[in-house]
Structures are given as C-alpha cells and as structure tokens.
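Following: one structure in structure tokens, then a few remarks.
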Amino acid sequence: QTLSLELHSLRSRAEEAALTHEREAKALRDQAAAAAKQRDSALREAEDARAQLRLALEARAAGRRELLEAQREARESREGREAERRQ
C-alpha cells in the first residue's frame with residue numbers, strides 16, 4: 001500500500017514536472033518567435049534607413065554638381081563681361 005501510494009505520488013509529481021516543463025518550453029518558444037519578429041523588423045528598418053541615406057547622399061551630390069555648374073557659368077559670364085569691357 002505504501003509503495004503504491006509512493007509510486008502514485010511520484011507519477012503525479014513527474015506529470016506535474018512534465019506539464020511545467022512543457023509550459024516553460026512553450027513560453028520560451030513564444031519569446032523566441034517574438035524576438036525573431038523584432039529582429040526582422042529592426043533589419044527592415046535598418047535597410048530602409050540605408051536606402052534613405054543613399055537617396056539623400058545622391059540628392060546632395062546632384063545638388064553639389066548643380067551648384068558647381070552654376071558657379072562655373074557665373075564665373076564664365078563674369079569673365080566674359082570683363083573681357084568685353086577691356087576691349
């Protein structure tokens with residue numbers, strides 16, 4: 001009788017431990033899935049930020065080229081007027 005009660009108690013504790021373990025494992029899997037989603041979202045945001053930076057750098061470079069061209073045209077115009085005045 002005592003052995004049977006002990007065996008029953010051990011089985012109950014083993015089942016409880018197995019259920020607890022399964023709940024903890026599921027919680028960890030859920031946490032891992034949530035972390036993976038956050039990681040993927042952060043990677044997408046970083047890629048978007050890199051793309052925006054590339055566009056901004058390209059726009060800046062285009063603006064710089066336009067400025068240099070305008071400065072060159074202004075200098076040539078000024079030099080042309082000075083040459084005409086000297087003649």
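Annotations
- With respect to being loosely packed, with under 10 Cβ neighbours inside 10 Å and free of Cβ contacts under 8 Å to residues at least 60 places away in the same chain, Gln1 fits the description.
- Meets criteria (at pLDDT below 95 and basic (Lys, Arg)) for Arg86: yes
- Yes/no for Ala35 being open to solvent by less than 100 Å² (accessible area, probe 1.4 Å) and either more than 13 Å from the chain's Cα centre (by Cα) or modelled with pLDDT under 95 (or both): yes
- Residue within the range 62-71 that is open to solvent by less than 80 Å² (accessible area, probe 1.4 Å), at pLDDT 95 or above and of a type outside the set (A, V, I, L, M, F, W, C) present: yes
- Here Leu43 does not fit the description of being open to solvent by less than 100 Å² (accessible area, probe 1.4 Å), assigned to a helix (DSSP H, G or I), out of contact with any helix residue (DSSP H, G or I) (no Cβ under 9 Å at 6 or more places or on another chain) and not small (Gly, Ala, Ser).
The values are calculated or read from the model by the stated rules, or taken from the named source; none is laboratory data. Keep in mind that what you see is a predicted model, and the values were worked out from it rather than measured. Glycine gets a Cβ as well: all are built from the backbone with ideal geometry, and neighbour counts include every protein chain shown. Ligands, DNA and RNA are excluded from the accessible area calculation, which covers all protein heavy atoms including side chains. Shrake-Rupley method; radii C 1.70, N 1.55, O 1.52, S 1.80 Å.
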